[in-house]
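Engineer: A single structure is presented below for examination.
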Amino acid sequence: MRKHIFNAGPCKLPEQALENTATAVKELGNAGQSIMEVSHRSKDFQAVIDEAKQLFVDLLNIHENYEVLFLGGGASTQFAMIPFNFLKTKAAYVDTGTWSSKAIKEAKLFGEVEVIASSKDKDFSYYPKFEIPSDVDYVHITSNNTIRGTEIFEDLDSPVPLIADMSSDMMSRPLDVSKYAMIYGGAQKNVGPAGVTFVIIRKDMLDKVADRVIPSMMKYETHIDKESMYNTPPAMNIFVMKEVLKWVKEQGGVKEMDRRAQERADLLYGEIDRNPMFKGTVIDK
Ligand SMILES: Cc1ncc(COP(=O)(O)O)c(C=O)c1O
């Protein structure tokens, strides 16, 4: 029997994605090679990565002025890459728990960080309200705080580039990507296995790069230029992600994922709220 673990951590993957991956581990289509052996320069892998990108575009209605990248290093590498590339003088961060605190720590290595709101006073048990200043290089939010269970459901209007860590709510609801300058996350919560990081980045962000020397692998421009293949991409992980996204699309896309998430939440959190045996950890403030 397959177990369902409710911990914040790598997610359960659709059966169909696992079965198709098992087949591709033996042979990717008619390539005569496993997905783990195939060259990332081959047409067989090109078809895999193209389909994965197209699924992101279709599911989220991503416009042509954005690039979809698949990188290594986890969302945690993005905590440093974002300020490395875009923090010239000052950036605004919303502090909503473990992951945003880590992002803030990295940003401080590159410039001034203004924490425009924090829920630390109540152990990160609510999503704080905030105003976005117009004198910063960008604003960074963590849309879903995996460990704390707080989430912002609104796609905000922002006077400065809005960057969101969506590691644990990507593909869980319809999203207006055009409100964001960049969205990123580790795939392992909602869209695949650990080892691949998705980055959706508006191309005009390349005009905003800070005036500093940035190693090639840490530069968004490198990965955009080489279409996520500057170095050997995590081919197997991208394959699994493609299979998960195919499944999401077949089920009815992000609208259906949203409906199911709401249904699950009503069942689980409804009971936690109703039953005196339990005490919820999130407050509405
Ligand atoms: C919201 C959020 N951001 C960042 C991370 C870190 O991602 P990674 O482990 O891929 O570096 C996680 C979880 O692992 C997360 O839940």
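The values are calculated or read from the model by the stated rules, or taken from the named source; none is laboratory data. A quick note: this is a predicted structure, and the numbers were derived from the prediction, not measured. Virtual Cβ from ideal backbone geometry, glycine too; neighbours counted across all protein chains shown. Calculation scope for accessible area: heavy atoms of the full protein, side chains included, ligands and nucleic acids excluded. Shrake-Rupley method; radii C 1.70, N 1.55, O 1.52, S 1.80 Å.
Engineer: Using alpha-carbon pairs under 8 Å, 6+ residues apart, how would you state the relative contact order of the chain in percent?
Structural biologist: 24
Engineer: What size of dipole, in debye to the nearest 20, comes out for the stretch 140-228 about its Cα centre when the only charges are +1 on Lys and Arg C-beta atoms and -1 on Asp and Glu C-beta atoms?
Structural biologist: 260
Engineer: Something else now. Between Ser76 and Lys129, what is the FRET efficiency for a Förster distance of 22 Å, r being their Cβ-Cβ separation, to the nearest 0.05?
Structural biologist: Approximately 0.20, to the nearest 0.05.
Engineer: Given the options Phe45, Phe84, Phe153, which has the most mean-square fluctuation in a GNM of the chain, springs set between C-alpha atoms less than 10 angstrom apart?
Structural biologist: For the chain, modelled as a Gaussian network with Cα springs under 10 Å, the answer is Phe153.
Engineer: Using +1 on the beta carbon of Lys and Arg, -1 on that of Asp and Glu, and nothing else charged, what's the dipole of the stretch 43-236 about the Cα centre, debye to 20?
Structural biologist: So the dipole magnitude of the stretch 43-236 works out to roughly 540 debye.
Engineer: Could you check the simple spin-label distance between Glu15 and Met218, using points 7 Å along Cα→Cβ, in nm with one decimal?
Structural biologist: About 4.6 nm separates the two model spin labels.
Engineer: Still on this model: Need one number: convex hull volume per residue for the chain, Cα atoms only, in Å³.
Structural biologist: Taking only Cα atoms, the chain has a hull volume of 131 Å³ per residue.
Engineer: Right, something else. Looking at the chain, send over the antiparallel percent of its DSSP beta bridges, to the nearest 5.
Structural biologist: Percent antiparallel among DSSP bridges in the chain is about 45.
Engineer: Need one number: nm distance between label points at Lys120 and Leu206, each 7 Å from Cα along Cα→Cβ, rounded to one decimal.
Structural biologist: Reported label-point gap for Lys120 and Leu206 is 3.7 nm.
Engineer: Work out how much length Asp266 to Ser178 would gain on full extension: take 0.36 nm times their residue separation and subtract the Cα-Cα distance, in nm to one decimal.
Structural biologist: 28.7 nm
Engineer: Continuing with this model, one more query. Given a 1.4 Å probe, how much area per residue of the chain is accessible, in Å²?
Structural biologist: 51
Engineer: So, one more: Compute the length gained on full extension between Thr232 and Asn30: take 0.36 nm times their separation in residues and subtract their Cα-Cα distance, giving the result in nm to one decimal.
Structural biologist: Answer, rounded to one decimal: 70.6 nm.
Engineer: Whole-Hz Karplus ³J(HN,Hα) for the stretch 124-140, in order, using 6.51 cos²θ - 1.76 cosθ + 1.60 and θ = phi - 60°, x for Gly and Pro?
Structural biologist: Result, ordered by residue: 6, 8, 8, 9, x, 7, 7, 10, 8, x, 9, 9, 10, 6, 6, 10, 10 Hz.
Engineer: Have a look at the DSSP beta bridges in the stretch 69-223 and tell me what percent are antiparallel, nearest 5.
Structural biologist: 40
Engineer: Something else: With each label point set 7 Å from Cα along the Cα-Cβ vector, what nm distance links Glu250 and Ile147?
Structural biologist: It is 3.6 nm.
Engineer: Subtracting the Cα-Cα distance from 0.36 nm times the residue separation, let me have the gained length for Met277 to Glu64 in nm, one decimal.
Structural biologist: Fully extending the segment from Met277 to Glu64 adds 71.6 nm.
Engineer: From the phi of every residue in the stretch 116-123, what ³J(HN,Hα) in whole Hz does the Karplus formula 6.51 cos²θ - 1.76 cosθ + 1.60 yield, where θ is phi - 60° and glycine or proline is x?
Structural biologist: So the J values, rounded to whole Hz, are 7, 6, 8, 10, 4, 4, 10, 6.
Engineer: What residues have an amide H closer than 5 Å to that of Ser119, excluding those fewer than 5 places away on the same chain, when H is modeled at 1.01 Å from N in the peptide plane?
Structural biologist: For Ser119, whose amide H was placed from the backbone, the distant partners under 5 Å are Asp95.
Engineer: Roughly speaking, to the nearest percent, how much of the stretch 148-193's 1.4 Å accessible area is carbon and sulfur?
Structural biologist: 45
Engineer: Can you compute 3J(HN,Hα) from phi for each residue in the stretch 189-198, using the Karplus curve 6.51 cos²θ - 1.76 cosθ + 1.60 with θ = phi - 60°, rounded to whole Hz and x for Gly and Pro?
Structural biologist: Residue by residue, the stretch 189-198 yields 7, 10, 10, x, x, 5, x, 9, 10, 8 Hz.
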